[in-house]
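Encoded as structure tokens, the structure appears first; notes follow it.
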Amino acid sequence: MQGRRNGPDTRSRMSSMTAHSTIGILGAGEVGRAVADKAVRHGHEVLIGNSRGPATLKAVVAQLGPKAHAVTAEEAAQPDLVFLAVPFFAVPDLTGLTDWSGKIVVDSTNQFAAANPWRGRYDVGDLTGSEWVAERLPGARIVKAFNTLFAAFIAADPRHAEGRQVVCYAGDDADAKAAVADLLDEFGFAALDLGGLREGGRLMQLDGPLSARHLLLQDAG
């Protein structure tokens, strides 16, 4: 594997990330909290919301610090970049939260049919999970990421003596993928592009060859 390089094109995209200085996170479970922690540590304002309301998130935002804000799910869906960290079967409940057109949505869901404990597989026919998610968030620019990792690996420092924690990502919108890859780089991860939601999504989805595979990238040179 080859690491991403910060050449002129990458620096240009990095400057565009100022538009995403506020990040929405839907879901306050282990994955949502881990992503929120990475975001606030790198100077982003985070709006975190769930289905139970802001009052249930007071302890979460207190732990994350002053850049984290407990909000309604509707408010968390307003930024131009939103992370989905809800159970897969809850995605249809998000359709009417906002106008999703043009938003970058990072889909970290997995196709479990039930939670607590996670079990079963939600039937989406011939679609990949993220293709199914895209149909329920019309107009959103979906980028699949983080779903192959256990939350503990997202929460930990991604820089290790042996290399950087790899985060695979896939999507059909090149600009959205570039923005997400730059954010992953900012967080310290090694971003690995797997192509579109169809081919890349199949590699990453539940029971796919990369599901629960925790890889490190050794940068050369």
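The values are calculated or read from the model by the stated rules, or taken from the named source; none is laboratory data. Nothing here was measured: the structure is a model prediction, and the numbers come from that model. Here Cβ is always computed from backbone atoms with ideal geometry, including for glycine, and neighbour counts include all displayed protein chains. Protein only, heavy atoms only, side chains kept; ligands, DNA and RNA dropped before computing areas. Shrake-Rupley method; radii C 1.70, N 1.55, O 1.52, S 1.80 Å.
Of the residues contained in region 29-37, none is found to be in contact with an Asp or Glu (Cβ under 7 Å, 6 or more places away or on another chain) and closer than 20 Å to Ala152 by Cα. Residue under question is Asp157, and the condition is that it be more than 28 Å from Phe89 (Cβ to Cβ), open to solvent by 10 Å² or more (accessible area, probe 1.4 Å) and part of a loop (DSSP other than H, G, I, E, B); does it hold? Criteria met by Asp157. Going through (1) outside any helix (DSSP H, G or I); (2) within 16 Å of the chain's Cα centre (by Cα); (3) not polar (S, T, N, Q) one by one, Val124 falls short only on (2).
In the set (1) of a type in the set (D, E, K, R); (2) under 17 Å from Ala39 (Cβ atoms); (3) open to solvent by 30 Å² or more (accessible area, probe 1.4 Å), the condition left unmet by Asp175 is number (2). Residues that are under 16 Å from Asp173 (Cα atoms) and either modelled with pLDDT under 90 or out of contact with any helix residue (DSSP H, G or I) (no Cβ under 9 Å at 6 or more places or on another chain) (or both) within region 104-148 comprise Ala134, Glu135, Pro138, Gly139, listed in sequence order. Across region 82-95, which residue is nearest to Ser51 (Cα to Cα) among those that are part of a loop (DSSP other than H, G, I, E, B) and among the β-branched types (Val, Ile, Thr)? Result: Val86. Screening the candidates Thr98, Thr148 for the property of being surrounded by fewer than 24 Cβ atoms within 10 Å (Cβ to Cβ), outside any helix (DSSP H, G or I), in contact (Cβ under 8 Å) with a residue 24 or more places away in the chain and not hydrophobic (A, V, I, L, M, F, W, C) yields one hit, Thr98.
Of all residues in region 114-131, those that are in contact (Cβ under 8 Å) with a residue 40 or more places away in the chain and under 16 Å from Val91 (Cα atoms) have Cβ atoms under 7 Å from Cβ atoms of residues that are open to solvent by less than 50 Å² (accessible area, probe 1.4 Å) and not in a loop (DSSP other than H, G, I, E, B), 6 or more apart or on another chain, in Thr128/Gly201; Gly129/Phe88; Gly129/Gly201; Ser130/Asp107; Ser130/Ile142; Ser130/Lys144; Ser130/Gly201; Glu131/Gly201. For region 81-95, the set of residues classified as open to solvent by 20 Å² or more (accessible area, probe 1.4 Å) and either closer than 17 Å to Ala36 by Cβ or β-branched (Val, Ile, Thr) (or both) consists of Ala85, Val86, Thr95, listed by residue number. Report yes if Val35 is open to solvent by less than 20 Å² (accessible area, probe 1.4 Å) and assigned to a strand (DSSP E or B), otherwise no. So Val35 fails the test.
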